[in-house]
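The values are calculated or read from the model by the stated rules, or taken from the named source; none is laboratory data. Worth saying up front: this structure is predicted, and the values here are computed from it rather than measured. Because the Cβ atoms are built from the backbone with ideal geometry, glycine has one as well, and the counts that use them run over all protein chains shown. SASA here: full protein model, heavy atoms, side chains in, ligands and nucleic acids out. Shrake-Rupley method; radii C 1.70, N 1.55, O 1.52, S 1.80 Å.
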Amino acid sequence: FHYTTKISNLIKSAKVARDAEKLYFTAVCEKDIVKNDSFMHLYIDADRNRATGWEGYDFVINTPSAGDVSKLNADGSVNVIGKAEYALSGKTLSVKASKAILGIGSPVNFEFKWVDNAEGDILNFYVDGNAAPNARFNYIYTEIPQKSLSKEERAALADTIVVADGSNRAFVSGAKM
């Protein structure tokens, strides 16, 4: 269900990979990708800290122009700091960006989101265009081992919801959301 008719590109899947120096992102849309002024922005939270950048996002790729890598300021304004390689072919958009320019070291640990045709206020991710993942959720790419709670620990936390102040992370019944 979508709340607007402004959708140019309905994002169906997103992938990420890396090597020693680069990150590789791919988004696949339902139909051939329509390139316009607000097409397929890639938001990156390089430090996974909601208090930095704009709404937690430190960089955006394809803003203001296709292939631009821009640093996001707290007010949403951008400073172009470099270029990413991108390839657009039918339903698929691929982006190759330097880990160094994005401030991503080792171990790799960042969040990302594709947004098409939604700009301005972060709440526009809910109603304009298309976002993957939906709304304010992000994909996470991390090499840091994640701890799972035991069956007993989860049972002890049944019906408990924990949300950290100033964070976009939550735990429901002991499971990370």
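Return the residue satisfying two criteria in turn: it lies in the stretch 34-61 and is touching a Phe, Trp or Tyr at 6+ places or on another chain (Cβ under 7 Å) and assigned to a loop (DSSP other than H, G, I, E, B), and of such residues it is least open to solvent (accessible area, probe 1.4 Å).
Ranking the qualifying residues of the stretch 34-61, first place goes to 40.
Note down all Cβ pairs under 6 Å where the first residue falls in the stretch 11-36 and is over 18 Å from residue 60 (Cα atoms), the second is crowded, with 17+ Cβ neighbours inside 10 Å and hydroxyl-bearing (Ser, Thr, Tyr), and they're at least six residues apart or on different chains.
Sorted first by the residue in the stretch 11-36, then by its partner, the pairs are 34/8.
Could you list, ordered by first residue, the pairs with Cβ atoms under 6 Å in which the first is in the stretch 45-58 and at positive phi and the second is at pLDDT 95 or above and surrounded by fewer than 18 Cβ atoms within 10 Å (Cβ to Cβ), at least 6 apart or interchain?
Here the result reads none, with nothing in the stretch 45-58 linked to a residue that is at pLDDT 95 or above and surrounded by fewer than 18 Cβ atoms within 10 Å (Cβ to Cβ).
Read through the list (1) free of Cβ contacts under 8 Å to residues at least 12 places away in the same chain; (2) more than 16 Å from the chain's Cα centre (by Cα); (3) surrounded by 13 or more Cβ atoms within 10 Å (Cβ to Cβ), then give the number of the only condition that residue 148 fails.
Of the numbered conditions (1) free of Cβ contacts under 8 Å to residues at least 12 places away in the same chain; (2) more than 16 Å from the chain's Cα centre (by Cα); (3) surrounded by 13 or more Cβ atoms within 10 Å (Cβ to Cβ), the odd one out for residue 148 is (3).
Give the number of residues within the stretch 114-144 that are of a type in the set (A, V, I, L, M), in a loop (DSSP other than H, G, I, E, B) and open to solvent by 40 Å² or more (accessible area, probe 1.4 Å). Lay out the reasoning, then the answer.
Here is the first cut: in the stretch 114-144, the ones of a type in the set (A, V, I, L, M) are 115, 118, 122-123, 127, 131-132, 135, 140, 144.
Those still in the list that are in a loop (DSSP other than H, G, I, E, B) too: 118, 122-123, 135, 144.
Add one more test, that the residue is open to solvent by 40 Å² or more (accessible area, probe 1.4 Å), and what stays is 123, 144.
Of the residues in the stretch 114-144, 2 are of a type in the set (A, V, I, L, M), in a loop (DSSP other than H, G, I, E, B) and open to solvent by 40 Å² or more (accessible area, probe 1.4 Å).
So, in the stretch 62-95, exactly how many residues are exposed (fewer than 12 other Cβ atoms within 10 Å of the Cβ) and either touching a residue at least 24 places away in the same chain (Cβ under 8 Å) or of a type in the set (A, V, I, L, M, F, W, C) (or both)?
Residues in the stretch 62-95 being exposed (fewer than 12 other Cβ atoms within 10 Å of the Cβ) and either touching a residue at least 24 places away in the same chain (Cβ under 8 Å) or of a type in the set (A, V, I, L, M, F, W, C) (or both): 3 in total.
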